[in-house]
Amino acid sequence: MIKGSTKVVGLIGEPVEHSFSPPMHNEAFKTLGLDYVYVPFNVSPNNLKSAIEGANSLNIQGLNVTIPHKINVINYLNELDPIAELISAVNTIDFKNLKGYNTDGIGCIRAIEEVTKIKDKNIVVAGAGGAARAIVFYLAKYGAEEVNILNRNLKKAENLANDLLASNLISNVNSSDISEISKFISDADILIDTTPIGMHPNVSDEPIVKAADIHEELVVNDIVYNPNETVLLKEAIKANAKVVYGIKMLLYQGAESFKIWTGREAPIDVMEAKLKETLNVI
């Protein structure tokens, strides 16, 4: 029940109608008996500044930030977490000090580390957009030995690789065209697909790599969560490789935001069950 004491957190973006975060967070608040509510707010880019100022005035506790605001929102914050500063994008705001964080990367790390450690691994990242950027800095922070960034637009891959090298978190970073993927994954430990290939409704897209080129020891993570089993993960399963579903990154980035806002550890099992129910995943 919403009362005068209820603390409000939420999501800003455009669009936000199809977000799976509200049911996940509200179930977590209910389970822990926390007097919070999570609400999505549709905010157009020209209203971003007034939305942040208004949220601050309304004593909103925290916000998740999604497309198209993750970069521009930085202009209206007082402080950035060091990794969010390196990534130059924010997906979580804590209004206690108007501080921006990026929990996308740590969400991916925690998902993969259910299966294998990041430390000392050779990792291939497909894509060089915002999600890839958030992830590669965390891979470096968590001790990856080598990060290979592959993208159709080679210049974007090269730019991201240069930014990652400049962070001094890692010294072994390569970039290449995504057509070279088979060569790169032949001796890789982990493949992370950050491209939208196979995302609903394009569930029959050609996967970035086929089963024949996936070795059994490879851990394959697709950050797309709708559908749960993407075309890439189907190929990985055929090859007897270990798979990490995109729903896990969504879960863990949400859990990190939850902790930033409430100071409490998130009830992972409850949040995961609610996500699966919302996404209709068995």
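The values are calculated or read from the model by the stated rules, or taken from the named source; none is laboratory data. In this text the structure is predicted, and so the values were computed from the model without any measurement. Counting neighbours? That spans all protein chains shown, and the Cβs are built from the backbone with ideal geometry, glycine included. Surface accessibility is based on the protein's heavy atoms, side chains included, excluding ligands, DNA and RNA. Shrake-Rupley method; radii C 1.70, N 1.55, O 1.52, S 1.80 Å.
Table for the structure above
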{"read-out": "Region 142-154: number of residues that are within 14 Å of Asn122 (Cα to Cα) and surrounded by fewer than 23 Cβ atoms within 10 Å (Cβ to Cβ)", "value": "4"}
{"read-out": "When residues of region 155-171 are limited to those that are under 17 Å from Tyr142 (Cβ atoms) and in contact with a strand residue (DSSP E or B) (Cβ under 8 Å, 6 or more places away or on another chain), the one most open to solvent (accessible area, probe 1.4 Å)", "value": "Leu165"}
{"read-out": "Subset of region 186-227 that is surrounded by 18 or more Cβ atoms within 10 Å (Cβ to Cβ) and of a type in the set (Asp, Glu) - its residue that is nearest to Gly127 (Cα to Cα)", "value": "Asp193"}
{"read-out": "Where a residue in region 149-171 is free of Cβ contacts under 8 Å to residues at least 24 places away in the same chain and its partner, wherever it lies, is open to solvent by 90 Å² or more (accessible area, probe 1.4 Å) and part of a loop (DSSP other than H, G, I, E, B), with Cβ under 9 Å and at least six apart", "value": "Leu165/Ser171"}
{"read-out": "Members of region 128-144 found to be in a loop (DSSP other than H, G, I, E, B) and touching a strand residue (DSSP E or B) at 6+ places or on another chain (Cβ under 6 Å), listed by number", "value": "Ala128, Ala144"}
{"read-out": "Per-region count, region 172-185, residues crowded, with 20+ Cβ neighbours inside 10 Å and without any contact (Cβ under 8 Å) to a residue 60 or more places away in the chain", "value": "4"}
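Matching residues to (1) under 21 Å from the mean Cα position of the chain (by Cα); (2) acidic (Asp, Glu); (3) at pLDDT below 95:
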| position | (1), (2), (3) |
| --- | --- |
| Ala55 | no, no, no |
| Leu58 | no, no, no |
| Gln61 | no, no, no |
| Val65 | yes, no, no |
| Ile74 | yes, no, no |
| Asp81 | yes, yes, no |
| Ala84 | yes, no, no |
| Ile93 | yes, no, no |
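One line per residue, one yes/no per condition, for (1) open to solvent by 20 Å² or more (accessible area, probe 1.4 Å); (2) closer than 26 Å to Lys210 by Cα; (3) not polar (S, T, N, Q):
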position	(1), (2), (3)
Leu233	no, yes, yes
Ala241	no, yes, yes
Gly246	no, yes, yes
Gly254	no, no, yes
Ser257	no, no, no
Trp261	no, no, yes
Val270	yes, no, yes
Glu277	yes, no, yes
Asn280	yes, no, no
